[in-house]
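The values are calculated or read from the model by the stated rules, or taken from the named source; none is laboratory data. Source: prediction; values computed, not measured. Cβ: placed from backbone, ideal geometry, glycine included. Neighbour counts: every protein chain shown. When the accessible area is computed, the model is the full protein with side chains, heavy atoms only, and any ligands, DNA or RNA have been set aside. Shrake-Rupley method; radii C 1.70, N 1.55, O 1.52, S 1.80 Å.
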Amino acid sequence: MDEGLERTVAANKAVIGIVMGSASDMSVMSKATEVLIDLGIRYELKVSSAHRLPELTAEYAKTARDRGIEVIIAGAGMAAHLAGAIAANTTLPVVGVPIKSGELNGIDALLSTVQMPSGIPVATVAINGAANGAFLAASILSIKYPEIKEGLDAYRLKTKNILLEKSEEMEK
Ligand code: RP5
């Protein structure tokens, strides 16, 4: 993915919304932004909390589609209701990233995010799996944008070749 932003999708328009429950989540969620930058996909960033800013969170979700957002990635820790609260207020696909924080090291966030009642899904990735959250969002968008499919294919080819090279080196 060396071309990076040269392959920008839908220029000047954010198609992915990244939301996190606290500014302290950015150290994890930046892994998602790195992937999206590499794939040339524009995103918007928001800090909002299902608990501390419930009205703002609902408003963000309700207006996302009209802003041109097509997938939302939501990361939160502890009793992590952010992704579910967003999914409750939009029918856009929502990818949840449980964040490791607090006494339970992310297990609390994983269960809070993944165990959504039927009809309001959150596609949940691993604890601190923000990079995979971005890859999953990109996969969803690749149905519509051929350039995103190309970027994902290029990424997989690159990682495959790196592994093959390492394997060959070790066999020498
Ligand atoms: C969650 O509580 C946030 O998503 C964060 O992971 C955790 C701690 O938040 P702060 O106390 O740092 O704001 O709501």
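Summary table
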quantity	calculated
Filtered residues of segment 61-87 (kept if more than 8 Å from the ligand (Cβ to nearest atom) and touching a Gly at 6+ places or on another chain (Cβ under 6 Å))	64, 69, 72, 73, 74, 83
Test set (1) within 13 Å of the chain's Cα centre (by Cα); (2) open to solvent by less than 20 Å² (accessible area, probe 1.4 Å); (3) more than 13 Å from the ligand (Cβ to nearest atom); (4) closer than 24 Å to residue 52 by Cβ - residue 134 fails condition number	(4)
Conditions (1) within 17 Å of the chain's Cα centre (by Cα); (2) under 22 Å from residue 34 (Cα atoms); (3) of a type outside the set (A, V, I, L, M, F, W, C); number of the one not met by residue 121	(2)
Selected residue [among the aliphatic types (A, V, I, L, M), modelled with pLDDT of 95 or more, more than 10 Å from the ligand (Cβ to nearest atom) and over 20 Å from residue 123 (Cα atoms)] from 36, 45, 56	56
Hits in segment 137-165 - residues which are open to solvent by 40 Å² or more (accessible area, probe 1.4 Å), of a type in the set (A, V, I, L, M) and within 23 Å of residue 97 (Cβ to Cβ)	140, 143
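For every residue, the table says whether it meets (1) of a type in the set (Val, Ile, Thr); (2) within 19 Å of residue 62 (Cα to Cα).
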{"site": "88", "(1), (2)": "no, yes"}
{"site": "93", "(1), (2)": "no, yes"}
{"site": "98", "(1), (2)": "no, no"}
{"site": "106", "(1), (2)": "no, no"}
{"site": "109", "(1), (2)": "no, no"}
{"site": "113", "(1), (2)": "yes, no"}
{"site": "121", "(1), (2)": "no, yes"}
{"site": "124", "(1), (2)": "yes, no"}
{"site": "128", "(1), (2)": "no, no"}
